[in-house]
Each structure stands twice: as structure tokens, then as C-alpha cells.
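Any read-out appearing in this document is the output of simple, stated calculations on the displayed coordinates, not a laboratory observation. What you are looking at is a predicted structure, and each value in this text was computed from that prediction instead of being measured.
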Amino acid sequence: MSAASTDRLIDLGGSERSSDDLDELVALARMIAYAKNAAEDVDLVGAMHCLGLALNEVLREIGDGPHEGLADVLFSDRAPCLN
């Protein structure tokens, strides 16, 4: 996390996160989604499962905050399972 992330805080239902923290979580979610899609392309079932779990946890950590930059991940034809 960036050292300059203390100036812009966003309240997410009782826990405050800086917008830099959210940007980093969104970037992480996008990277995991890319890796999951690559695993699907070569039919790596175990990797797909683990990456799906990781993606769900990152999305849960982001919470109901702004999802700018995640629309293509959340609404693609290969969208993650959000259970």
C-alpha cells in the first residue's frame, strides 16, 4: 500500500479505506480475473477454482464501495461466482 494513501479516506460501512487502497484492490481483482480466464482457456480446473476463491475474497474485501474499473470483470460472460 502506498505511503501517500492517508489523505483520501472512503467510509465503507464502518471501515475506512483510502482510495489508493481501493485502487490497489481493484487492480488485484483484475489481475486475478485475468489469470482465472487464462486458466479457463487451458482448462486448468484446480487453478480456476483457487483463482475463483481468491477473486471472491478480493471482491468481498472491496465490499460495496465503488467498482470503477471492475465492470468488465463483474459483467463478462466469464464472471466470477460471488457466493
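Read phi for every residue in the stretch 23-36 and hand back ³J(HN,Hα) as whole Hz from Karplus 6.51 cos²θ - 1.76 cosθ + 1.60, θ = phi - 60°, with x for Gly and Pro.
Karplus values, whole Hz, x for Gly and Pro: 4, 5, 5, 5, 5, 4, 4, 5, 5, 5, 4, 4, 5, 5.
Collect residues whose amide H, placed 1.01 Å from N in the peptide plane, falls under 5 Å from the amide H of SER18; neighbours closer than 5 in sequence don't count.
Long-range HN contacts for SER18: ILE10.
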